[in-house]
Amino acid sequence: MSTVTLSPRALYEEVADHLRQRIFSDVLAPGSWIDEAKIAEEFGISRTPLREALKVLASEGLVTMRVRRGAWVTEVTHEDMKQVYHLLSLLESDAAAWVAEFASAAQRAELHALHKELMAATLDRKLFFSINEQFHMRILEATQNKWLFQMVQDLRRVMKLSRHNSLLKSGRITNSLEEHETIMAAFDARDPVAARQAMQAHFVQGLDAAGGYPCPMQAA
């Protein structure tokens, strides 16, 4: 069995990174049991750093610890996704309003550049998803609110567990781009109310495309 080469930084953090990527790439599928003995052998480590890594992933919602049954990859339900989208809508629409009112010309220019990259990546879903996430996280970074950033980052990790990626729905990428254009127009107009509403609508449509239902704040 081949082993994974780990870097000098904190061992449990490196292990958590490897496991996180396996979860996101579906190597460790939602609902699957994590074989600690097998992974420890593969990584060439003891159970201690592995269990510390699993605690990190559990704090992020990616792993569920069950008493006397070990660790399992979290399985996201329909209701879970509705709740995650609702919270993301509230948090990211607040960030969008901030950007519209306070972002510098340079920050808006960077968002425009990412939007152009998105338009050029419509034929590559994986690349589109990556740039789309960069776009959203850059909005959060602009606010310089580390707590907001961390909360959204954790929620987006949980969102990645869903097997029903909204971008897979026919026509969703085109619609997503149009929604981003509306958000960018609100940023350029320095209109925080329009930016908030545009971001909320973006998440409502995203949840609908993922097979969910409108968020409670649809009327906002």
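Solvent-accessible surface (1.4 Å probe) assigned to ASP208 amounts to roughly 70 Å².
Strictly greater than 12 Å: what percent of every Cα pair in region 61-104 meets that? Counting pairs separated by more than 12 Å, the tail of P(r) holds 71 percent. Computed on the chain, with alpha-carbon pairs under 8 angstrom and 6+ residues apart, the relative contact order is 23 percent.
Working from label points 7 Å from Cα in the Cα-to-Cβ sense, the ARG125 to GLN144 distance is 4.0 nm. Placing unit charges on the Cβ atoms of the charged side chains and taking the dipole of the chain about its Cα centre, the candidate lying farthest along the positive direction among TYR12, LEU88, THR182 is TYR12.
On the principal axes of its alpha carbon atoms, region 65-182 extends 55, 34, 19 Å, with the longest extent given first. Taking the C-alpha atoms only, the angle from helix 192-209 to the longest principal axis of the chain is near 50 degrees. Ranking PHE203, PHE24 from most to least accessible surface, computed with a 1.4 Å probe over the protein chains only, gives PHE24, PHE203.
For LYS55, a cut-off of 20 angstrom between C-alpha atoms picks up these aspartates and glutamates, skipping any fewer than 8 places away in its own chain: GLU13, GLU14, ASP17, ASP26, ASP35, GLU36, GLU41, GLU42, GLU75, ASP154. Other residues lying with their Cβ under 13 Å from the Cβ of LEU62 contribute a combined charge of 0, Lys and Arg counting +1, Asp and Glu -1.
Want the number for ALA10 to ALA105: 0.36 nm per residue separation, take away the alpha-carbon distance, what's left? Could you put the intermediate results ahead of the total?
Numbers: separation 95, 0.36 × 95 = 34.20 nm, distance 3.88 nm.
Full extension from ALA10 to ALA105 adds 30.3 nm.
For region 6-126, the Kirkwood radius over C-alpha pairs fed into Stokes-Einstein at 10 °C and 1.306 mPa s yields D = 91 µm² per second.
Neighbours of MET151 by Cβ distance under 14 Å: Lys/Arg scored +1, Asp/Glu scored -1, total -2.
Considering only Cα-Cα distances, which of the following residue pairs are longer than 23 Å: LYS126/LYS160; LYS82/LYS116; LYS82/LYS160? Display every interim value, and only then the final one.
Values: LYS126/LYS160 12 Å; LYS82/LYS116 29 Å; LYS82/LYS160 13 Å.
Correct reply: LYS82/LYS116.
Taking HIS180, HIS78, HIS202 in turn, the Gaussian network model of the chain (Cα-Cα springs below 10 Å) assigns the largest fluctuation to HIS78.
The values are calculated or read from the model by the stated rules, or taken from the named source; none is laboratory data. Keep in mind that this is a model prediction, so the values were computed, not measured. Neighbour counts run over all protein chains shown; Cβ positions are idealised from the backbone, glycine included. For the accessible areas, the whole protein counts, side chains as well, though only heavy atoms, and no ligand, DNA or RNA atoms are used. Shrake-Rupley method; radii C 1.70, N 1.55, O 1.52, S 1.80 Å.
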